[in-house]
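What follows is a set of notes on a single structure, which appears directly below.
What follows draws every value from the coordinates through simple rules; no lab data is involved. The structure displayed is predicted, hence computed values, not measured ones. Cβ sites come from the backbone with ideal geometry, for glycine too, and all protein chains shown count toward neighbours.
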Amino acid sequence: ESQFFGHVKGAFTGADGSHHGFFKQADGGTLFLDEIGELPIGLQSKLLRVLEDKTFTPLGAGHPVRVDVRLISATNKELDRACQEGHFRIDLLYRLKSAYICLPALRERRNDIPLLAAHFLHNACMRHNKNISGFSPEAMNVLARRDYTGNIRELSQIVENAVLLAGGPVILPVHLGDNPAMESQPSLSGRSLCTLKENDAAHVMFVLHSTGGNRREAARILGITLRQLQRKLADKK
């Protein structure tokens, strides 16, 4: 609550000074709230009051504060169902849906994948000081045929891992965790050349991803000890 609406000095233990919350900081501008569906019921009622009255009272304060904020929110939850289950206030939902945009899942707009992948590649290269020009045609085909149950975040993480694994100027299928041995009709001509070290690192990441990040299980599948797996992951970084 303090993050949203702020507090005054002495409002609670550790409140050594006053703090302006999100709404006060965004006064006169726009506030974006991601994952609005995760907001606790108690905060939902306070948020509704701000949207209706444009006022709120910081923790420990004796008078309300008036703000003028445009609110934009996002969620990957079905809020209509959340309302039926009692997890989300329906009156707040009506307020939030005054202007509503439904963004289809990434697998339903595959034409966006090359543009998004290029964006994530640029950002990852900047973070890790890598000079990678793009994706090979085979690598882009790998990205295009994935299901992306994790939506855009999954694509972002796949590209991030590929940048860490790549040792050359182009992202190859092996950097994306593509395992040709799992294809129903593997083709040698469709495989891209890479070093044994790159192939080994990519397979480790593929197994780790398949186990949901369970390192102990991944080590068992790979036939190595947990310490050896941790060493391989450290070397990759």
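Of the chymotrypsin sites (Phe, Trp or Tyr not before Pro) found in the stretch 52-127, those in coil by DSSP whose Cβ has at most 16 other Cβ atoms within 10 Å are Tyr100. Computed extension length for Leu43-Tyr94: 16.7 nm, one decimal, from 0.36 nm per residue of separation with the Cα-Cα distance subtracted. The residues neighbouring Arg95, those whose beta-carbon lies less than 14 Å from its own, together hold a net charge of +3 under the Lys/Arg +1, Asp/Glu -1 convention.
Each part reduced to its alpha carbon centroid, the stretch 109-164 and the stretch 64-79 end up 30 Å apart.
For the pair Leu116 and Leu103 in one chain, pulling the backbone fully straight at 0.36 nm per residue adds 3.2 nm over the alpha carbon distance. About its Cα centre, the chain has a charge dipole of approximately 480 debye under the convention of +1 per Lys or Arg Cβ and -1 per Asp or Glu Cβ, with nothing else charged. Convex hull volume per residue, computed on the Cα atoms of the chain, equals 205 Å³.
Computed on the Cα trace of the stretch 44-103, the radius of gyration divided by the Kirkwood hydrodynamic radius gives Rg/Rh = 1.03.
Between Asp147 and Asp53, the modelled label-to-label distance comes to 4.8 nm, taking each label 7 Å out from Cα in the direction of the beta carbon. Between Thr225 and Glu1, full extension at 0.36 nm per residue minus the direct alpha carbon distance yields a gain of 76.1 nm.
By the rule of a C-alpha distance below 13 Å, with chain neighbours fewer than 8 residues away ignored, the aspartates and glutamates paired with Lys197 are Asp235.
Hey, could you get me the Stokes-Einstein D for the stretch 2-96, Kirkwood radius over alpha-carbon pairs, 20 °C and 1.002 mPa s, rounded to whole µm² s⁻¹? The calculation lands on 152 µm²/s.
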